[in-house]
Amino acid sequence: MLRLSGRWDSIFDEGPRAQLEALLPAWLQARRWFAGKARVVRSVAIADAIPISTTVGRACVALVHVEYGDAEPDIYALPLAFATGTDAARMESESPGLVIARTEAAEAELRGVLHDATVSTAFATALLDAIIHGRSFAGARSRIDCSPTPSLTELGIRDATMLAPKLSAAEQSNTSIRFGDRLLLKLFRRPPAGINPDLEIGRMLTARRFPNTPPLVGAIEYRSRTGEERTLGVLHGFVPGAIDGWEFTLAALGRFCEMLRSPGAPDGLREPPPPGLDGSAQSPGADTEFLPGEYLDGARLLARRTAEMHLALAADCKNPGFVPEPFAAEWPREFRSSLHELTARTLALLSGNLDSLGGESRALAAAVIAAEPEIAARIDRLDDASPSGRRIRIHGDYHLGQTLHAGRDFFIVDFEGEPSLPLSERRIKRTPLHDVAGMLRSFDYAAHAALRREFESGAIPAASVPHFISQAERWTRWVSATFIESYIARIGTSDLLSADVNERGLLLDLHLLRKAVYELGYEANNRPDWLPIPCRGILALLGRNGG
C-alpha cells in the first residue's frame, strides 16, 4: 500500500518512492522478463521517470536501477500507470500480476492501483500516436523521442485510434503490443546503453527493402541530458496469419511421429549422406517422404531466406557498422581461447551438478565430461587455420523461434542478438556460419521437444523410445543437410564464406560445438531435464552415439 497526497505522481516524492522501491524487488522477480531471478537483489532505485501524456493523463516510463549482491547492476524500463474506480477493480480482477501496489489517499481520486502500463489501452495508443507524429516526452533530466520511418507513411497509418492495441501473452525478455493486424510494438524491458541492434539492423534492412523481415516503421528512444541513449522500443509491420517457425516445425514433427506409428509403416528414415558443403544437393531418396516431404521444402526455403538476409547485411559498403571485414590474424587464437574457456567453465558447472542429476541426464552428462580431452582436441584444430571469407553483422540469436511462417514464405524477426550479452558483443561482426549453426541446433531441439510431447502424452510405448529417438536424430540430420546445401547454393560465389570446403566444415563444426556447449550451461542452470539434448549434440559432433 502506497500513501499518496495531492497528485498521483507524488509516488516519486521521497516517502512514497522509498516504499515503492522497497516492494519492487519481489514484484520484479515474479516477472518473466526479469533476468535476475537467480541473483540476490540488493536494492532497487527509481533512477528516472518521464511522464507520458495519455487521454487519462496518468502514466510514465520509469528507469529502474537494480543492484545485485553478486553481479553488475541492471537498468530496467518500467512503464507505470495509475487506475481508479472500476478501472482499478478490473485491473485487479483481470491482470493481478501487473498490479504493483494499491494506493491510499485522503482524496478519493487517488485511491486505486499502480500497475504496469503496458496493459493500458490509453498508454499504448499514446505511444503509437507519438511515433506517428514524431513527438517527444520530456522529463526533468531526460526525454523520450518517438519517431517514424518512411515505411510508416507507406503503410498509410495516420491515426493511432484506428488500431486497437492488445498486449501479447507470449512474453519473454521483452513485451509486445499488437495494433490490430497492422503493427507490432516491442518494448525492451532491459534496455542497454546505446543503440539496440534490433533498431540498427531494422533500419538497414528496411532501407534496403529486404522483403523477408517486417519493415521497421518507428522507434522509441531515451536520451538523457548527459548524453546517454537507450532504445526503449521498436515498431514493425505485423505479419498476419503467421506462426513462428518453432511451432511450424513441431507440427511437422508431430506428423512425422504419427507416420512412424501408423500400421504398416516402413522402419523409418535411412541415414542421410553428409551435407554438401560445396552447395551440391544430395538426392533425398523416396523414403524421405516420411519427413514429411513438405518440411524439406520448407528447410530449403528458410535456408535461402537466411542466405539472402546475410547477403543484405553485407551489402552496405559505406556504413562502418556494416562493412564486411576479413578475419583478423588473431581471430583463430581468440576464438579458440574463448571456446576453451566456455567449455571449461561449463563442464565444471556440470561436474558440480552431476550428483543431483538422475537417469539419462546423469549418464549423458558424465559421458560429455569424460569427453573433455576430445572436445579440447577438436577446438585445437583451429591452431593451423587462417580463415578466409568475411565477418559481417549477423542475426546473432538465430533459431526457429526468430522466424515466422506465413503462407508459403518465411520472415526473419528479432535482431537484438543474445540478450544476455553486452551490447558491444552483440554488434561484433562474425562469420555467417554463426547463424547457420544456431538454426541447425534449433532443428535438433525441435526434434527432441516433439518427442517429449509424444512421450508425455503416452503416444509412444516405452519399448519404442530408442527407435523414435534414433528416427528424430535422423530427421534432424536430413533437415540440417538440406538446410546447409540450400544455404551455400544461395550464397553462391559471394566471398562471405571461404571457397575451401574443408575450411567451411571446420568453422561450422566449431560454431556448432560452441552453441551446444552454451546450451549445456543454460540447461544445467535452468532446465536440468533438458540436458540430454545438448549432451547428445556434443557427443554426435565428436562422432559418438549419444546412446
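Mind computing the radius of gyration and Dmax over the alpha-carbon atoms of the range 69-130? Å is fine for both.
Values for the range 69-130 (Cα only, Rg and Dmax): 14.2, 43 Å.
Mind checking which helices in the chain clear 30 Å along their axis (Cα) and have mean Kyte-Doolittle hydropathy of 1.6 or more, DSSP H runs only?
Helices meeting the span and hydropathy rule in the chain: none at all.
Can you list the residues, at least 5 places off or on another chain, whose amide H is less than 5 Å from the amide H of Leu2, using H built in the peptide plane?
Answer set, sorted by chain and number: Arg102, Thr103, Glu104.
Quick one: which residues, 5 or more positions from Asp244 or on another chain, have an amide H under 5 Å from its amide H? H modelled 1.01 Å from N in the peptide plane, none for Pro or chain starts.
When sequence neighbours closer than 5 places are left aside, the close amide H contacts are His405.
With +1 on each Lys and Arg Cβ and -1 on each Asp and Glu Cβ, and nothing else charged, work out how big the dipole of the range 2-117 is about its Cα centre, in Debye to the nearest 20.
260
If you place +1 on the Cβ of every Lys and Arg, -1 on the Cβ of every Asp and Glu, and leave all else neutral, what size is the dipole of the chain about its Cα centre, to the nearest 20 Debye?
Working: 61 positive and 69 negative charges, 147 e Å.
About 700 debye.
So for the range 123-237, taking the charge dipole from beta-carbon charges (+1 Lys/Arg, -1 Asp/Glu), which of Leu184, Leu152, Thr226 sits furthest toward the positive end?
Thr226
May I ask which residue of Ala376, Phe123, Cys535 lies farthest towards the positive end of the charge dipole of the chain, with charges of +1 (Lys, Arg) and -1 (Asp, Glu) on Cβ and the Cα centre as origin?
Of Ala376, Phe123, Cys535, it is Phe123.
Considering amide H positions built from the backbone, and no H for Pro or chain starts, which residues 5 or more places from Gly218, or on another chain, come under 5 Å of its amide H?
Thr149, Leu235
Taking the number of other C-beta atoms within 10 Å as the exposure measure, put Tyr398, Tyr295 in order starting with the fewest.
Details: Tyr398 27, Tyr295 22.
Ranked by crowding around the Cβ, least crowded first: Tyr295, Tyr398.
Apply the Karplus curve 6.51 cos²θ - 1.76 cosθ + 1.60, θ = phi - 60°, to the phi angles in the range 43-52 and return the couplings in whole Hz, x for Gly and Pro.
Whole-Hz 3J(HN,Hα) from phi for the range 43-52: 6, 10, 10, 7, 7, 6, 8, 10, x, 10.
Give me the extension gain from Ala140 to Ser280: residue separation times 0.36 nm, minus the current Cα-Cα distance, reported in nm with one decimal.
Details: separation 140, 0.36 × 140 = 50.40 nm, distance 6.15 nm.
Between Ala140 and Ser280, full extension yields an extra 44.2 nm.
Along the charge dipole of the chain, which of Met439, Phe322, Thr86 sits closest to the positive end, that is, farthest toward it, with unit charges on the beta carbon of Lys, Arg, Asp and Glu (+1, +1, -1, -1)?
Comparing the listed Cα positions along the dipole, Thr86 ranks first.
Going highest first, how would you order 478-490, 134-146 by mean Cβ packing within 10 Å? List each step's numbers first, then the result.
Working: 478-490: 23.5, 134-146: 16.5.
By packing density, highest mean first, the sequence is 478-490, 134-146.
For each of Arg378, Arg504, Arg453, count neighbouring Cβ atoms within 10 Å of the residue's Cβ, then give the residues from fewest to most.
Listing Arg378, Arg504, Arg453 from fewest to most nearby Cβ atoms yields Arg453, Arg378, Arg504.
For Gln29 and His467, FRET efficiency with R0 = 51 Å and r from the beta-carbon atoms, rounded to 0.05?
Working from the Cβ atoms, E equals 0.75.
Using a Förster radius of 60 Å, what is the FRET efficiency between Glu294 and Ser224 based on their Cβ-Cβ separation? Nearest 0.05, please.
Details: r = 52 Å, r/R0 = 0.86.
The pair Glu294/Ser224 has a calculated efficiency of 0.70.
Where in the range 220-262 does the amide nitrogen come within less than 19 Å of the point 7 Å from the Cα of Arg208, taken along Cα to Cβ?
What the label zone holds, given the 19 Å backbone N cut-off, is 237.
Please give the residues of the range 335-362, grouped as numeric ranges, whose backbone N is less than 14 Å from a label point set 7 Å along the Cα-to-Cβ vector of Phe455.
358-362
If you put +1 on each Lys and Arg Cβ and -1 on each Asp and Glu Cβ, how big is the dipole of the range 123-237 around its Cα centre, in Debye rounded to 20? The partial results should precede the final answer.
Details: 16 positive and 11 negative charges, 30 e Å.
The calculated dipole for the range 123-237 is roughly 140 debye.
Ignoring everything except DSSP H segments at least 4 long, calculate the 222 nm mean residue ellipticity for the chain; use -39,500 (n - 2.57) per segment, divide by total residues, nearest 500. Provide the component values of the computation, followed by the final result.
Numbers: 15 runs with 228 residues, N = 547.
Result for the chain, helices only: -13500 deg cm²/dmol.
Provide, as a two-decimal number, the C-alpha radius of gyration of the range 2-117 over 2.2 N^0.38 Å, N being how many residues it has. Before the final figure, lay out the partial values.
Working: Rg = 14.1 Å, N = 116, 2.2 N^0.38 = 13.4 Å.
Dividing the Cα Rg of the range 2-117 by 2.2 N^0.38 Å gives 1.06.
Taking the alpha-carbon set of the range 124-202, what are its Rg and Dmax in Å?
Values for the range 124-202 (Cα only, Rg and Dmax): 13.3, 36 Å.
Quick one: order Lys166, Lys429 by neighbouring beta-carbon count within 10 Å, fewest to most.
So the ranking, lowest neighbour count to highest, is Lys166, Lys429.
State whether the range 218-372 is rounded, prolate or oblate according to the following rule on the C-alpha gyration tensor (a ≥ b ≥ c being the square roots of its eigenvalues): a/c under 1.5 gives rounded; otherwise a/b larger than b/c gives prolate, and the remaining case gives oblate.
Judged from the Cα gyration tensor, the range 218-372 comes out oblate (a/c at least 1.5, b/c at or above a/b).
Glu341 versus Arg90, label points 7 Å from Cα toward the beta carbon: distance in nm?
5.2
What does the charge count near His115 come to, summing +1 for each Lys or Arg and -1 for each Asp or Glu among other residues with Cβ under 12 Å from its Cβ? Numbers along the way, then the final one.
Values: positive: Arg58, Arg90, Arg102; negative: Asp87, Glu92, Glu94, Asp116.
Summing Lys/Arg as +1 and Asp/Glu as -1 gives -1.
Taking Cα atoms of the chain, Rg/Rh with Kirkwood Rh, to two decimals? Provide the component values of the computation, followed by the final result.
On the way: Rg = 25.2 Å, Rh = 25.5 Å.
Rg/Rh: 0.99.
How much of the DSSP beta bridge set in the range 2-117 is antiparallel, as a percent to the nearest 5?
Values: 26 of 28 bridges.
In the range 2-117, DSSP labels about 95 percent of beta bridges as antiparallel.
Only the coordinates and a few stated rules stand behind these numbers; no lab work does. A quick note: this is a predicted structure, and the numbers were derived from the prediction, not measured. Neighbour counts are summed over all protein chains in view; Cβ atoms, including those assigned to glycine, are modelled from backbone coordinates with ideal geometry.
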